[in-house]
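Shown next, in structure tokens, is the structure this report addresses.
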Amino acid sequence: MKTSLRILSGFVIGIALGVFFHYLLYRISLPSEPFIYFAF
Amino acid sequence: MKYPSPIAVCVGVVVGFATCCVLGQLTTRKNIYQDFARLHPFLEQETSYYPTASQLVAVAHGQCPPASHKTLVVLGGNSVFNGSGQKRDELWSRALQEDLGDHYHVVNFSAPGAGAVDNGGVIFECLAREYPTALFVTNTEPGYYPAANRSAYSYLFWDAYCKGLLSHDARRTARLEREKATSDDADFKLSRELNSVCYFNDLWTYVSYRYVSTFWTSWLRGRSFQPRHRLRDWYDKRPKVVADESEFQKMLPDHLEALRHRRPVAADRFAQNSNGAWVQTAESLQQDEEHIADLLPDPLQRRSLIVFTPYNPWFLAHLTEAERTRAEISYANGTHLLEKAGFHVLSTYDSGFSPSDFGDTVHLSPAGGRLLAKLVADSIRSMDTASNIPAGR
């Protein structure tokens, strides 16, 4: 039972980290200021 | 209980990340934008929202499926074509749709500050093969012809390019190779290449639109975290455009000064010949010609109409004779160069626009928008679509 819980909790934490990492890539890819503010 | 199993954590990371990638790819297959009319500020970069090329392609697919056999008209261009100041119901592209009738379907991808082929031009190129009769209509001012990868909306070009949505064009490929050495946006391109595999921009842009926006912006303040689909067109809550001389008077001198620095008017692209007449310099004409050649790959020029939108005659009357002359020469030269490159051109410098057709120097009032729609509709109908040749991939 304890082993199953360890695996399940680890898997859930892992999924959360995977989703967060995906979101992080999105945030990193966004410019800090819109490009049009630099262009004009 | 001891610590969670490290192997299970690793497996979970891979499963979570891969699931997001698959979900991101799935979101590109459907039109997520309900009742899309234009890219108003809540749907573009001024509020840190960057719709992807796949999402805009899906808008065209959703609104005008290829099986509908309608002629798709993709609009690009800057804030004038974006209908800056016009409320959703007053939008000039709606008037254009009404004028053209059911045989056509107009979709407006113009955006503030965009060049001739930004946004709309990129999406048109993505769709050109699938919609062999589709037309591209955009606006700009003479002398401003940035390629889609050299502008404020270059992110969309790279998004489409990295996803393989654009046609193969040897000339462009060679140019991009040449520019690689001097380019300072390598990190930016890398993120778009990563996105073409992981679809993080597609997924989280979708989440921002549909469920919750994930960061604060100074434009939206308290509404920053609302899903974008709940925010109505920004212009709908703006005061109505008042097009009269007393309003224009208040805009002096700033707007007049800005007009004087616009490319068609500013003196730096001109010289006076021995007779004292203004002529555009050979260098600037050559530069314009080179930039025009980089706008769209062959043979899409023949399916494209570039509109030189007008200036408010009230402000033009405040310019000097020399400044007005330079503007006229710019419009004439721009028309000649674009036609020489195979584009259809509509120059509206002297098309009967009056001060009441404007909200400021260049942006049109609802009445001006209707006049523009009529002129553009006439030009679209006169374009020879029989000669359209689909772009190769």
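Consider the range B:253-286. How many of its residues are over 28 Å from B:W314 (Cβ atoms), in a loop (DSSP other than H, G, I, E, B) and modelled with pLDDT of 95 or more?
Selection size over the range B:253-286: 1.
Do you know which of the residues in the range B:53-71 that are of a type in the set (A, V, I, L, M, F, W, C) and surrounded by fewer than 24 Cβ atoms within 10 Å (Cβ to Cβ) is farthest from the other protein chains (Cβ to nearest Cβ)?
Per the stated criteria, the residue is B:A67.
Exactly one condition in (1) surrounded by 11 or more Cβ atoms within 10 Å (Cβ to Cβ); (2) assigned to a helix (DSSP H, G or I) is not met by B:Q226; state its number.
(2)
Of the residues B:T19, B:T47, which is more than 22 Å from the chain's Cα centre (by Cα) and among the β-branched types (V, I, T)?
Exactly one of B:T19, B:T47 is more than 22 Å from the chain's Cα centre (by Cα) and among the β-branched types (V, I, T), namely B:T19.
Can you tell me which of B:K163, B:K180, B:K240, B:K189 is within 11 Å of chain A (Cβ to nearest Cβ) and among the charged types (D, E, K, R)?
One residue alone meets the criteria, B:K189.
Restricting the search to the range B:190-231, which residues are in contact (Cβ under 8 Å) with a residue 60 or more places away in the chain, over 20 Å from B:A53 (Cα atoms) and aliphatic (A, V, I, L, M)?
Selection gives B:L220, B:L231.
Please go through the range B:164-179 and give me each residue that is within 24 Å of the chain's Cα centre (by Cα) and of a type in the set (K, R), ordered by number.
The answer is B:R171, B:R172, B:R175.
Restricting to the range B:27-52, give me the number of residues that are aliphatic (A, V, I, L, M), within 14 Å of chain A (Cβ to nearest Cβ) and either surrounded by fewer than 22 Cβ atoms within 10 Å (Cβ to Cβ) or out of contact with any Ser or Thr (no Cβ under 8 Å at 6 or more places or on another chain) (or both).
Final tally of qualifying residues: 1.
Have a look at B:N82, B:N108, B:N78, B:N119 and point out the one that is on the phi > 0 side of the Ramachandran plot and touching a residue at least 40 places away in the same chain (Cβ under 8 Å).
Criteria check complete, one pass: B:N119.
Conditions tested, residue by residue: (1) farther than 26 Å from B:E193 by Cβ; (2) part of a helix (DSSP H, G or I); (3) touching a strand residue (DSSP E or B) at 6+ places or on another chain (Cβ under 7 Å).
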{"residue": "B:P4", "(1), (2), (3)": "yes, no, no"}
{"residue": "B:V9", "(1), (2), (3)": "yes, yes, no"}
{"residue": "B:V13", "(1), (2), (3)": "no, yes, no"}
{"residue": "B:G16", "(1), (2), (3)": "no, yes, no"}
{"residue": "B:C21", "(1), (2), (3)": "no, yes, no"}
{"residue": "B:L39", "(1), (2), (3)": "no, no, no"}
{"residue": "B:V59", "(1), (2), (3)": "no, yes, yes"}
{"residue": "B:A67", "(1), (2), (3)": "yes, yes, no"}
{"residue": "B:V80", "(1), (2), (3)": "yes, no, yes"}
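With respect to B:Q272, is the statement that it is more than 30 Å from B:L72 (Cα to Cα) and in contact with a Gly (Cβ under 9 Å, 6 or more places away or on another chain) true?
no
Looking at the range B:100-144, which of its residues are more than 14 Å from the chain's Cα centre (by Cα) and among the polar types (S, T, N, Q)?
B:T133
Within the range B:321-341, count every residue that is of a type in the set (A, V, I, L, M, F, W, C) and in contact with a strand residue (DSSP E or B) (Cβ under 7 Å, 6 or more places away or on another chain).
Qualifying residue count for the region: 3.
In contact with a Ser or Thr (Cβ under 9 Å, 6 or more places away or on another chain), within 13 Å of chain A (Cβ to nearest Cβ), part of a loop (DSSP other than H, G, I, E, B) and β-branched (V, I, T), is that true of B:T205?
Here the answer is no, as B:T205 does not meet what is asked.
Would you confirm, using the coordinates I've provided, whether B:S218 is within 12 Å of chain A (Cβ to nearest Cβ), at negative phi and assigned to a helix (DSSP H, G or I)?
no
The values are calculated or read from the model by the stated rules, or taken from the named source; none is laboratory data. Keep in mind the model is a prediction, meaning the values are calculated, not measured. Glycine also receives a Cβ, built like all others from the backbone with ideal geometry; neighbour counts cover every protein chain displayed.
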